Every structure is written in structure tokens, then in C-alpha cells.
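The values are calculated or read from the model by the stated rules, or taken from the named source; none is laboratory data. Because the structure is predicted, anything quoted here is derived from the model rather than measured. Here the Cβ positions follow ideal geometry from the backbone for every residue, glycine too, while neighbour counts run over all protein chains shown.
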């Protein structure tokens, strides 16, 4: 777009303001993790590393983190499998009910979490399924499927079938074609989808509340429990700060792998 | 919506309706009918006859401050010694309101609960809790006699729980922001209050009783005798008062930590609190809060530890019940929370020797004056018959009041 | 060595280049592969089986179970389920004005959040897609994505601190003799708009990215100023992306109850009605009936937007 210099500056300004809006609350969290006052008076009266020290000792936070990681990995794995299968089916074949699927697969994430949570809870109760890791992973996988589905669908649409047909023409079996031709093309999309799905599962609280067992706390549940507790809230801030700082890594990894996604230029 | 989707949606909709109709027709599964009155009898169940070795785990639902494990204050911990002594690892779920506790107990995933009077009978009659055998709880013998075999914790002479302690909901205020110190509930109902927007109230339908209690003292022509037995006129007047109060409210609270934080930050300066909230604020360094039981009296709670009928760790639960009313531990809880202990021997164990006097722990006359939380039912309990509002009506009214 | 070839292809066996590793041919696997290659139906069935069972049977099934409960009721004293079908719950929802009020309020909040997010996201996305250099673009995308990892709860709580009396917002507005909105509906709208902003920026950015620069240059060549180009060329092209972002902001706001609890003061939104009935009052039938409302709204919205092709832009 031919934009005047003024327009460019205005847009750059908007970008800066936007980033500021996005990051000010996060910086506040970071600041509060160092705030010496337990109740986060503003402006802060002093800075301290005491809370960071306490967090390292906090067993509750550590076990909740580990639980979240396990649940996230399980849900992501399931979602990758199911979402990829579904994307292939929809993209490469024509069949009755194909256009309904895009609606169906987006439902778990479009419907409010509390609806999905109550529904799954009633179903598990009706089926006598004991609550625990299984129920939580199933619940998370259900709404992670759409992330994987969309990503793989977009990639399949872009890559087309010509390479696969060529591979078959050259004598490769179906499995070989998948392994040597299709999969490498999908790999970066799979990684991006996995990272997004994991992030979604990692941060999910509402559906988890309805599908977990007593004593099984994911990190968001732990945070919610401790958010307002006077002595624990600073620890929560530290945990949050750590999450934000750590999140740079997977984002950076995804961007490296996805290469130049700038398909917009002719 | 295009025709194809509609055509496909129709059978699904029909199926749901058929499903609903088919599943209808079978009668209610519980012994109580939909009348909302006290039902015929609780489901018959036997109490345990012996307590074996601990199962290694215990999942309980507790009021805030009842099961401290050191995470709030390192020196306040009676859960860890219990875990060490019995080997039962304790998972505590804090219930913010009685409703939440009843809901959680229904899931069958918890072994026990510290239930207030507005939850106990509901749990008993729905079969969610089992009767207790007091002989298996040695410390029960020295529990205050006026807490045994009461209407809220026993049926036909059979105890359904172990008394924990009792107390009143207090009126609390920030000493630096509210003056002169209030002594009446009128201060939170006053339409011209200077603290408008910074007043708080407890977020549960049971709070309606607080307003009714105030009207009992200030509008005698309404003839309210029991704030939990309100007929149409009385109920309407109470709901109207609460709707007026909404304009004064900054935040309703059910999570005690949120209430504490609001008091400390000054978002709330006046309103109903638990004594434990007041103690927590005063334990910090940011604010000072004072509390009082106003002259109109107060609603309150008499809490009972109950064991789930589906408890997976019944032995651990019995051990916990004995532990929590042992003299030293009951004294610790009572002082941390700010309530009267059920255990008479706890009065010798409190750090503050006048604790039992301040809280009137052994004063039955005082105890009987508190309007303990009870589940409202249609049965008015007097010559008005079955014309009172039941808890469903209270719940719906509460949604209306808050909206 | 022609086990791997279909009988109908007349190809000679490929000579292996010297030094390359021979590909292991497992006869059973090869037979399975050719069977699959020949029968697209079986391939399709195999691909669809697991996801369909999951989504249709497990997920839709559980939704059906929940909505069937909407026709039941609970005993007001014991809370036990009374499985007698009736329309009472729905009647209460429709007749009591309080639920209508809360529903409309919630719709209003969701719509406002969507509009606010769209307005903020557009300039940001335009900058990222069209003005920034490619290297900077990657960094900017990373910067936008990073907050998604900061817990939703923590972000909401950060806003609680920002908006508390004598908090940062009040402190910043003090010199202007203004004060912050405190807790309430405005706070909820602000916080929700903040929380869902990345969900709006990303699809719009992706959509803008797909708009070929050649179109924009052509429009400029034909004499249109930037504003006109934006209105007539860009906006229609990214409309599906905007709608895709709106699906997130709208539906996420419609059912939210946690943010309301954290910064909402004494406000209630429809999510709270559902939560108070299921999480607190154990009144599954009424909660299920109440849940029909946001579900119906969202289904309607999804059906409307399907036409715009937004579902492919998620």
C-alpha cells in the first residue's frame, strides 16, 4: 500500500501504543513479584527478591506445574492425531457432511467453557468414569483439536497433492509417501499447532474445574486457589512472571521453523 | 442456516426431545418429594462400627481457616502434625458458601465436610452423609452439651456429625476510614450512607436472613420471628431492602481472601465479615479493622464435621474428626478463625486465656440467641403452615437482587 | 521386485543408484499400503473414524445429556434430580425479567468487546502486515503471541490491581482530576477486551498478509488514496478474518464468569448465572437450561458467519 509518511508514522505510533497496552499489565505483574508490600500498594514501597526465593521452595506450585505439563502433552498428542486425521479427510476427500465438520470441530472452542465443562462432567458422571488425569486430558484434547485441524488444513490447502501423486507414480507405497513426502511438508505446521494447542491447554481453567479430581491441580487451578491469599499472591506473581519469560522460547522456536509465512506477496 | 444443515439438525433436535421425554416418567430417586419440606426420613444407613488404620489420604471440604497447613502463616498449621501422626495426606478444598459445599459433596469425591446448619439437613436427607458413631470419637465426650443432638446435626436421636465450633457473622469496618464506629446493621442498609460504593455483603442467598434480622428489629409490624421463616409479605419487604442496598455495595464476597484483599486495599470499608477475615487483615501491616456484633443481633453458623456416605477414606475421616476437636487443635482453630470452640477442654488451651469468655463459648443462653444458618423450607413451623419461602425462592430472589 | 507396484501401472522397476540404501519392503505392510491406495473409501473411513467418534459421540453426546437435563428439576431441599420432563426451567428463564436483563447485558458486553478489539487490532495488524520489515514482522508476531502464555487469571488479576482504588489507574488519572472506573461493567469490558486482543490481531494479521501487494499497488495506480484503498479493497478482503476474530472475542465474552468475579464488583453476566446454578446451587437442570441461551446465540452466529468463509480463517 502506498502510504504517506504521516500514515506510516501514525501506524507505527498505533503499534507502539498497542504493545504498551498489552505489556503494561504484564510488567505490573513482574513489578509486583518484586514488590516488598504483600498487598501491592502502588507505587511500590520497595523491591525484594524474597518472593522469588519462596517460589523456588513452593512444592504446591511445582507439582501443579508438572501436572499441567503432563496434561498438556497428553492433550496435545491426542489433538495432533485426531486433528490431522480430520484435516486430511476434509481437505482431500469429498463426502456427505463435509461442510458441517468445520462447524462441528469449532464447537468445543466456540461454546463457552462452562457449557463444555458441565456437559463433559455430566457425561463422565453418567458413564461412571472416575475423575482424574484421563478426564482432564480428554476434556483438553476436545478443544485443542480445532487448533490442529485449522493449521493442518491451511497447510494442506497450500501444498496440494501434486507431490504426493508424483511420489506414488515413482513407486512409493502409501505409507512411504506419507513418511517421506507429506510429513516433512506438514512438520512446521504440526509444530506450530502443537505449540498453540499446548498453550491453550496449559492456560485452561474453566473446563478443567469441572473435569478434575480433588487433589489434582493444574497450574491455573493452583493460581486461582492462591490468587488472593495474602501470603501466596506474591508467589503467584512470580509464577506468572516466570511463565511470561519462559514463553519466549516456544514462540521463537515456532517462528524459526515456520520460516517465511509471507504468502501475501505475489 | 442453509437447508442441508437444517435438515440434519432436525433429527438431532427431535432426538433430544425424545430423550428428555423418555427419561421423564421415572420418579424422583430420593425419598424427599418436591414439596421442599422436611422429608419423611433420611435414607437408612449404618454408622461405622470401628476405625481401622488410615488409608493414606483424606479429601475434605472445609470453611476457610478450618484446616490450615502453614501456607497462610507458617506458624498456623494443624494439618501437618495430623498427617505425620496418622499418615493421612490431607487435600483441602475450601468451600466459599454452603451451596458450594453441598454441590461438592454430591460429586462423591470427598470424604467429609465442615457443614453449617444450612447445609447439614440437606446433606442428611439426600443421603450424601452417613450417620456418625460418637463412640469412635473419644474427644466427643467433652464437647459442649448444648451442641449435641440439636435439630441441625441429628435426626431422631442419631448424630450425623461432630460439632466443630460456632460463631456469628460480624459487622466489620476500617478504623481509619469509618467513623464513628457503627453498632447497628443499619449502617450497611442506610440509603444515604457516606460509604456508598465501598460496602460489602456476603454473596449467598442466605444473606437474605441478615436483612430479615434487621427488619425484625426495626419493623416490628412485619412480625418476623425467625429470619429463615419468611412468608410472602415478609419476604418481599426483605428483598426490597436488599435491592435498595445493592446501590451501596461495591462488591459481594464469597471468597474470604478476596474480602481480605478488598479490606486491605480500601475497596471495601464496611460490611459483613467473618472474624477470620478481620484477624487476617489485622495480622498484616496495611490496615486495621474492627468488628462488632450489632445490637440487632447477628446471623451465624454452628458447624459440624460430617462424613460422606461415599467416603473412600472413612478411617482417615474419623481420625480427622477426633483430631479437630481435640483440646489443643480445637483451641488453635477457634483462635485462628475467631469463633467459639465446641470442645470445652479447649478453653484451657487457648493462647489468649480470655478467648472463651470473649466468644461466650460455654454460655448456652448466648449461643441460642444467634440466628444460625438454616435451610429455609416451605414449612413455617408455626400456624402459618406451608406458606413460607423455600430455598429455591431464596436463590432466585438472590439472583434478582444482585442483577 | 514389483510387489510395491499396482498391477495396472506399467512401470519398470527402478534401478537403484549405486551407493544408496535399499528401501526395506515388508510384504504385509506393502499389501496394506496398496489396499489403502486402491480404496479411498477405506482410507477416508480410517481417517474419520476416531475424530468422528470423539466429536460426535463423546462431545455432542455429552451436550445432549446436559440439555436433556434442562427439562428436569431438582428437589429444593435435598437437591436430588427429579427426572420428570417439563418446560418449567425455560419458562422461568423467559418470564423472569432478571434473566432477560442479564442476557442483554452480556450480549452488549460481548459486542462492545468485539468492536473495541477490532478497532485496536486493525491498525496494529496493518502495521505488522504492510509496513513493518519482514524481520521486524517476525519479532512483532512473537511479541503479540507471548502474552497468550501469561495465565488468563494473572492478567485478570493484574487488571484488578490496576483498577483498584488508589491503584495505578487512579494514580495516573489523578493529575487530570479523573478517577478510574473501579470495579464494574466498564472494568469487565476493558479486561475482556484486553484478554482477547491477541485472538483478534492474529487472524486479521493473517488475513492482511494474504492480501497481495499487487492489488494495493494497482489500486494506487488507479488513483485511490490510501484511505479509499483501505475501505474498498482491503476491508472487504479481510472481512472474513475480522469475523473469524470476532467469533473468539464474542463467544469467549459470552460465557465468561471468572473475569466478572475478579473485576466485576457487583455485576453479574450470564456466565455467572450458569455458574451459580451449577457450581454453587447444584441445580444442573436450571444451569443446563440457562446454558441453552449462549449456545443458541453462538450457533446462530456461527451459522451466519459460515457464509462469509470466516471459519476457514480461524
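When you check residue C:109 against the structure, is it in the same structural domain as residue C:298 (by TED's automatic domain parsing) and within 30 Å of residue A:9 (Cβ to Cβ), yes or no?
no
From the residues in the range B:360-382 that are in contact with a helix residue (DSSP H, G or I) (Cβ under 7 Å, 6 or more places away or on another chain), touching a residue at least 24 places away in the same chain (Cβ under 8 Å) and within 16 Å of residue B:167 (Cβ to Cβ), which one is farthest from the other protein chains (Cβ to nearest Cβ)?
B:362
Going through the range B:100-113 one residue at a time, which ones are assigned to a helix (DSSP H, G or I) and buried (at least 24 other Cβ atoms within 10 Å of the Cβ)?
Across the range B:100-113, the qualifying residues are B:101, B:102, B:105.
Is it the case that residue C:214 is part of a helix (DSSP H, G or I), over 21 Å from residue C:102 (Cα atoms) and within 11 Å of chain A (Cβ to nearest Cβ)?
Answer is yes for this residue.
Yes/no per residue for (1) modelled with pLDDT under 85; (2) within 30 Å of residue A:88 (Cα to Cα); (3) within 16 Å of the chain's Cα centre (by Cα):
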residue: A:176; (1), (2), (3): yes, yes, no
residue: A:187; (1), (2), (3): no, yes, no
residue: A:197; (1), (2), (3): no, yes, yes
residue: A:207; (1), (2), (3): no, yes, yes
residue: A:214; (1), (2), (3): yes, no, no
residue: A:220; (1), (2), (3): no, no, yes
residue: A:226; (1), (2), (3): yes, no, no
residue: A:229; (1), (2), (3): yes, no, no
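Does residue B:230 satisfy the condition of being surrounded by fewer than 23 Cβ atoms within 10 Å (Cβ to Cβ) and away from every other protein chain (no Cβ under 14 Å)?
It is false that residue B:230 is surrounded by fewer than 23 Cβ atoms within 10 Å (Cβ to Cβ) and away from every other protein chain (no Cβ under 14 Å).
Just one of B:395, B:374 is assigned to a loop (DSSP other than H, G, I, E, B), at pLDDT below 90 and under 17 Å from the mean Cα position of the chain (by Cα); which is it?
The conditions single out B:374.
Can you list the helices (runs of 4 or more DSSP H) found entirely within the range C:30-122 that contain at least 3 residues being touching a residue at least 24 places away in the same chain (Cβ under 8 Å)?
In the range C:30-122, C:61-69, C:88-95 are the helices (runs of 4 or more DSSP H) which contain 3 or more residues that are touching a residue at least 24 places away in the same chain (Cβ under 8 Å).
Looking at (1) at the interface with another protein chain (Cβ under 7 Å from one of its Cβ atoms); (2) surrounded by 16 or more Cβ atoms within 10 Å (Cβ to Cβ), which is the only condition residue C:52 fails?
All conditions pass for residue C:52, except number (1).
Only one of B:317, B:321 is in contact with a helix residue (DSSP H, G or I) (Cβ under 9 Å, 6 or more places away or on another chain), modelled with pLDDT of 95 or more and within 24 Å of residue B:89 (Cβ to Cβ); which?
It is B:321.
Can you tell me which residues in the range B:148-184 are buried (at least 22 other Cβ atoms within 10 Å of the Cβ) and either within 30 Å of residue B:315 (Cα to Cα) or without any contact (Cβ under 8 Å) to a residue 60 or more places away in the chain (or both)?
Those that are buried (at least 22 other Cβ atoms within 10 Å of the Cβ) and either within 30 Å of residue B:315 (Cα to Cα) or without any contact (Cβ under 8 Å) to a residue 60 or more places away in the chain (or both): B:152, B:153, B:160, B:161, B:162, B:163, B:164, B:165, B:166, B:167.
Is at least one residue of the range C:219-233 facing another protein chain (nearest Cβ under 7 Å) and surrounded by fewer than 20 Cβ atoms within 10 Å (Cβ to Cβ)?
yes
Scan the range C:277-291 and tell me whether some residue there is under 15 Å from residue C:107 (Cβ atoms) and either in the same structural domain as residue C:206 (by TED's automatic domain parsing) or part of a helix (DSSP H, G or I) (or both).
Checked against the condition, which is being under 15 Å from residue C:107 (Cβ atoms) and either in the same structural domain as residue C:206 (by TED's automatic domain parsing) or part of a helix (DSSP H, G or I) (or both), the range C:277-291 yields at least one hit.
Looking only at the range B:187-227, filter to residues that are in contact (Cβ under 8 Å) with a residue 40 or more places away in the chain and surrounded by fewer than 17 Cβ atoms within 10 Å (Cβ to Cβ); which one of those is nearest to residue B:373 (Cα to Cα)?
B:225
Which members of the range A:69-110 meet the condition of being surrounded by 24 or more Cβ atoms within 10 Å (Cβ to Cβ) and without any contact (Cβ under 8 Å) to a residue 24 or more places away in the chain?
A:110
From the list C:182, C:223, exactly one residue is assigned by TED's automatic domain parsing to the domain that holds residue C:104 and touching a strand residue (DSSP E or B) at 6+ places or on another chain (Cβ under 9 Å). Which is it?
Within the list C:182, C:223, the selection yields C:182.
Say whether the condition of being part of a helix (DSSP H, G or I) and without any contact (Cβ under 8 Å) to a residue 40 or more places away in the chain is met by at least one residue in the range C:261-271.
Yes - at least one qualifying residue is present in the range C:261-271.
Counting only residues that are closer than 30 Å to residue B:143 by Cβ and modelled with pLDDT of 90 or more, give me the strands (runs of 3 or more DSSP E) lying completely in the range B:219-310 with at least 1 of them.
In the range B:219-310, B:270-273, B:289-292, B:299-308 are the strands (runs of 3 or more DSSP E) which contain 1 or more residues that are closer than 30 Å to residue B:143 by Cβ and modelled with pLDDT of 90 or more.
Give me a count of the residues in the range B:247-266 that are within 12 Å of chain A (Cβ to nearest Cβ) and more than 20 Å from residue B:96 (Cα to Cα).
2
Which ones in the range C:74-96 are touching a helix residue (DSSP H, G or I) at 6+ places or on another chain (Cβ under 8 Å) and modelled with pLDDT under 85?
C:74, C:76, C:77, C:78, C:79, C:81 - these are the residues of the range C:74-96 that are touching a helix residue (DSSP H, G or I) at 6+ places or on another chain (Cβ under 8 Å) and modelled with pLDDT under 85.
Among A:235, A:206, which is within 11 Å of chain C (Cβ to nearest Cβ) and within 23 Å of residue C:157 (Cα to Cα)?
Of the residues listed, the single one that is within 11 Å of chain C (Cβ to nearest Cβ) and within 23 Å of residue C:157 (Cα to Cα) is A:206.
Only one of these conditions is not met by residue A:59: (1) surrounded by fewer than 21 Cβ atoms within 10 Å (Cβ to Cβ); (2) touching a helix residue (DSSP H, G or I) at 6+ places or on another chain (Cβ under 9 Å). Which number is it?
(2)
Just need a number here: residues in the range C:162-188 that are assigned to a helix (DSSP H, G or I) and either buried (at least 23 other Cβ atoms within 10 Å of the Cβ) or within 11 Å of another protein chain (Cβ to nearest Cβ) (or both).
9
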